[in-house]
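Take a look at the structure below.
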Amino acid sequence: NQYTTEIEAFAPANADELEAFRIKFLGTKGIIKDLFEQFKNTTPEEKRTLGKVLNQFKQLAESKYQTLKEHFESAVSNQKADIDLTLPGEGFAVGSRHPLSLVRNEIIDIFKRLGFVVAEGPEIEDDWHNFSALNFPPEHPARDMQDTFFVSHPAKEGEDEASNIALRTHTSSVQVRMMESGKPPFRAIMPGRVYRNEAISARAHCFFHQVEGLYIDENVSFADLKQTLYHFVQELYGEGTQVRFRPSYFPFTEPSAEMDISCTICKGAGCNMCKYTGWVEILGCGMVDPNVLTNCGIDADKYTGFAFGMGIERITNLKYVIRDLRLFSENDVRFLKQFKTDI
Ligand code: PHE
């Protein structure tokens, strides 16, 4: 009959059309259901012939539906598997290293090649490791050179006041820890964060990062100090960078010096980075004071050594021409993403 032809010719374009077909013929209010209802009211005579026809018709509709359903289902899964591998991928954002980390790693690499190992220590220190062992006597004005953040804590038994715990003002404290807990020779650098109570401006911050170095052995001389730091500067800022040493004072070194390099930005022509002098100070250094060696249990008659300390921010400013320290801790992505590198 007409329905048989309709079913046989049925070619849906999509699964929705197939679903409409199912509802029309096979649904609970569909044509087939309806025909079977009518079938109940026929005579037994009619039933014999009609029954067969009706069942065939029902089977036709069902098998048509089943094949088409499978067809659409496999089409969907084919579509999923049908990935075009030549399409460009969806890019994902890769971060960049912080400039201070880049420069710290570069400094570490240079000293590692000279045989220095990396040592670390706590940022909250006691007075002994940050000051006393380093030859800062109590009440010595040199303690004021480093505006210290003290950490309040309950006084221990026998203590008058609980003022001997502070945020370390330099990583020299790690040198003390190293000397106390080992035997010479020592050849190490100490990278780390340090804290000083300063008003925050373009040129000062309440925290910054240092790399300090220590070399202790028999017969270490000031010439070794100069050569090591000279080599370091050539590696970091390029061959031909000039250095000069100026006498200075630190309680823990004697003699002490500050080292300047020829301005990496104007190459000596004069700019505001070097205040038109052609030179910029990058570190403090000196021969470890024998008192410090003795304090740390090292035989000061047998051993000598040098130490130096630099601020990573200053080194970075000179490398990348950054004029405001605050940029390092503001997390401004426009600043940070300029330092994309493979490292
Ligand atoms: N600890 C000194 C500072 O923080 C730097 C320094 C280290 C100087 C070692 C000399 C020797 O200023």
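The chain gives an Rg/Rh value of 1.52, both radii derived from C-alpha positions and Rh following Kirkwood. Each label was represented as a point 7 Å from its Cα along the Cα-to-Cβ direction; for Thr28 and Lys267 these points are 8.9 nm apart. Inter-label distance, Glu45 to Lys112: 10.4 nm, where each label sits 7 Å from its Cα along the C-beta direction.
Treating r as the C-beta distance of Ser74 and Glu120 and R0 as 41 Å, the FRET efficiency rounds to 0.10. In straight-distance terms, cross-link reach from Lys267 covers every one of the aspartates and glutamates whose alpha-carbon lies under 18 Å from its own, apart from those fewer than eight places away in the same chain; here that gives Glu235, Glu239, Glu281.
In percent, how large is the relative contact order of the chain, given Cα pairs closer than 8 Å and 6 or more residues apart?
On the way: 501 pairs, mean separation 54.5, N = 343.
Contact order relative to length: 16 percent.
So what's the convex hull volume per residue for the Cα atoms of region 276-328, in Å³?
Roughly 124 Å³ of hull volume per residue.
Any idea of the accessible area per residue across region 16-86, 1.4 Å probe, to the nearest Å²?
Working: 5510 Å² over 71 residues.
Result: 78 Å² per residue.
Could you please report the charge total around Ala166, scoring K, R as +1 and D, E as -1 over all other residues with beta-carbon less than 11 angstrom from its beta-carbon? Local charge sum for Ala166: -2.
Take every DSSP beta bridge with both residues inside the chain and express the antiparallel ones as a percent of the total, to the nearest 5. If I count the DSSP bridges inside the chain, around 95 percent turn out antiparallel.
Evaluating kT/(6 pi eta Rh) at 4 °C and 1.567 mPa s, with the Kirkwood radius of region 50-154 over Cα pairs in the Stokes-Einstein relation, gives 55 µm² s⁻¹. For the chain, modelled as a Gaussian network with Cα springs under 10 Å, which listed residue fluctuates most, Phe21, Phe186, Phe232? Maximum fluctuation in the GNM of the chain, among the listed residues, is at Phe21. Take region 285-343 with all the other protein chains still there, run a 1.4 Å probe, and you get 52 Å² of accessible area per residue. Charged side chains reduced to their Cβ positions (Lys and Arg at +1, Asp and Glu at -1) give the chain a dipole of some 1400 debye around its Cα centre.
Dividing the summed helix terms, -39500 (n - 2.57) for each DSSP H run of n ≥ 4, by the number of residues in the chain produces a 222 nm estimate of -11500 deg cm²/dmol to the nearest 500. Relative to the longest principal axis of the Cα atoms of the chain, the long axis of helix 172-181 lies at roughly 80 degrees. For the chain, which whole percent of the accessible surface, found with a 1.4 angstrom probe, sits on carbon and sulfur atoms? C and S fraction of accessible area: 51 percent. State the answer as a single residue: which of Gly286, Met273, Leu225 lies farthest towards the positive end of the charge dipole of region 195-293, with beta carbon charges of +1 for Lys and Arg and -1 for Asp and Glu, about the Cα centre. The Cα lying farthest towards the positive end belongs to Met273. Under 18 Å from a label point set 7 Å out along the Cα-to-Cβ vector of Gln56, the amide N atoms of region 1-30 belong to 1-9. Each of Pro191, Ala204, Phe116 was scored by the projection of its Cα onto the charge dipole of region 102-245, and the greatest displacement toward the positive side belongs to Phe116; charges sit on the C-beta of Lys, Arg, Asp and Glu. Note on Glu6 and His98: the extension gain reaches 26.0 nm, defined as 0.36 nm multiplied by sequence separation minus the Cα-Cα distance. Diagonalising the gyration tensor over the Cα atoms of region 5-56 and scaling each eigenvalue by 5 before taking the square root yields semi-axes of 27, 12, 6 Å, largest first. The calculated FRET efficiency for Lys226 paired with Val151, based on their beta-carbon distance and R0 = 45 Å, is about 0.75.
The values are calculated or read from the model by the stated rules, or taken from the named source; none is laboratory data. All values derive from a computational prediction rather than experimental measurement. In this analysis, Cβ positions are derived from the backbone assuming ideal geometry, glycine residues included, and neighbour counts consider all displayed protein chains. In case anyone asks, the SASA skips ligands and DNA or RNA and just uses the protein heavy atoms, side chains included. Shrake-Rupley method; radii C 1.70, N 1.55, O 1.52, S 1.80 Å.
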